[in-house]
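Please read the structure below before turning to the comments.
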Amino acid sequence: MFVLSMLIGIAGGLLAMSSLFVKRSPQAAEKLATLAKYQGWIGITMFGWGVWELISCVLNIGMLGSYPLVFVFWVLSGVADFGVGLLLGFGLISTYAFRGNATAIAKGDAIRSKLVAFQVPLGALAIVMSLLYGVLRMV
């Protein structure tokens, strides 16, 4: 299960950091364009996975006493997945959740435009925490 968590975190993190990669390498733009087609669905998957991870962390709070470092990485991975998923999937989420309500869509877009500044740092956090959590779980 933690391998799936790692893969979701890394894929979403790379997609969230895509603007940074595209600036540095034009070849990266081509490769990330194929992944960007599925940005909304990857975002919704990450959002759901982040919610699941955070709920699991609360339900397994006893793990904090026996494996504190793994638990902290698990929580941070859940926060990063939740945040990146919300940002990447926002377009798709707002399309279905705010369907037909122009005011709600406008307010949602205003909130998203403020949160976009955190997209690259959250993407980096998602990648790093997914890798660290996965490595610690394998050991």
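Return a yes/no flag: does region 15-35 have any residue that is touching a Leu at 6+ places or on another chain (Cβ under 9 Å), under 17 Å from residue 132 (Cα atoms) and open to solvent by 60 Å² or more (accessible area, probe 1.4 Å).
no
What pairs come out if I take residues in region 60-89 that are exposed (fewer than 14 other Cβ atoms within 10 Å of the Cβ) and modelled with pLDDT under 90 and pair them with residues that are of a type in the set (A, V, I, L, M, F, W, C) and in a helix (DSSP H, G or I) whose C-beta lies under 9 Å away, six or more apart or interchain?
Once the first residue is exposed (fewer than 14 other Cβ atoms within 10 Å of the Cβ) and modelled with pLDDT under 90 and sits in region 60-89, its partners that are of a type in the set (A, V, I, L, M, F, W, C) and in a helix (DSSP H, G or I) give 69/132; 69/136.
Between residues in region 29-49 that are over 12 Å from residue 87 (Cα atoms) and residues that are β-branched (Val, Ile, Thr), which pairs lie under 6 Å by C-beta distance while being six or more apart or on different chains?
So the pair list comes out as 29/22; 49/8.
Could you tell me how many of the residues in region 90-129 are touching a residue at least 60 places away in the same chain (Cβ under 8 Å) and touching an Asp or Glu at 6+ places or on another chain (Cβ under 8 Å)?
Total satisfying the criteria: 1.
Out of all the residues in region 36-59, which are of a type in the set (Ser, Thr, Tyr) and open to solvent by 70 Å² or more (accessible area, probe 1.4 Å)?
Answer for region 36-59, where residues must be of a type in the set (Ser, Thr, Tyr) and open to solvent by 70 Å² or more (accessible area, probe 1.4 Å): 38, 45.
What single numbered condition from (1) closer than 24 Å to residue 16 by Cα; (2) open to solvent by 70 Å² or more (accessible area, probe 1.4 Å); (3) of a type in the set (S, T, N, Q) fails to hold for residue 94?
Among (1) closer than 24 Å to residue 16 by Cα; (2) open to solvent by 70 Å² or more (accessible area, probe 1.4 Å); (3) of a type in the set (S, T, N, Q), residue 94 violates only (2).
Checking residue 118 against (1) more than 17 Å from the chain's Cα centre (by Cα); (2) under 27 Å from residue 18 (Cβ atoms); (3) open to solvent by 50 Å² or more (accessible area, probe 1.4 Å): exactly one of these is not met. Which one?
(1)
Read through the list (1) under 13 Å from the mean Cα position of the chain (by Cα); (2) open to solvent by 40 Å² or more (accessible area, probe 1.4 Å), then give the number of the only condition that residue 3 fails.
Single failed check for residue 3: (1).
Could you tell me whether region 116-124 includes any residue that is part of a helix (DSSP H, G or I), touching a Ser or Thr at 6+ places or on another chain (Cβ under 9 Å) and among the hydrophobic types (A, V, I, L, M, F, W, C)?
Yes, because at least one residue in region 116-124 is part of a helix (DSSP H, G or I), touching a Ser or Thr at 6+ places or on another chain (Cβ under 9 Å) and among the hydrophobic types (A, V, I, L, M, F, W, C).
What number of residues in region 78-105 are in contact with a Phe, Trp or Tyr (Cβ under 9 Å, 6 or more places away or on another chain) and more than 27 Å from residue 58 (Cβ to Cβ)?
Summing the residues that are in contact with a Phe, Trp or Tyr (Cβ under 9 Å, 6 or more places away or on another chain) and more than 27 Å from residue 58 (Cβ to Cβ) in region 78-105 gives 2.
The values are calculated or read from the model by the stated rules, or taken from the named source; none is laboratory data. Note that the coordinates shown come from a computational prediction; the quantities given were computed from them, not determined experimentally. Backbone-built Cβ (ideal geometry, glycine too); neighbour counts: all protein chains shown. Side chains are part of the model used for accessible areas, which takes the heavy atoms of the whole protein and leaves out ligands, DNA and RNA. Shrake-Rupley method; radii C 1.70, N 1.55, O 1.52, S 1.80 Å.
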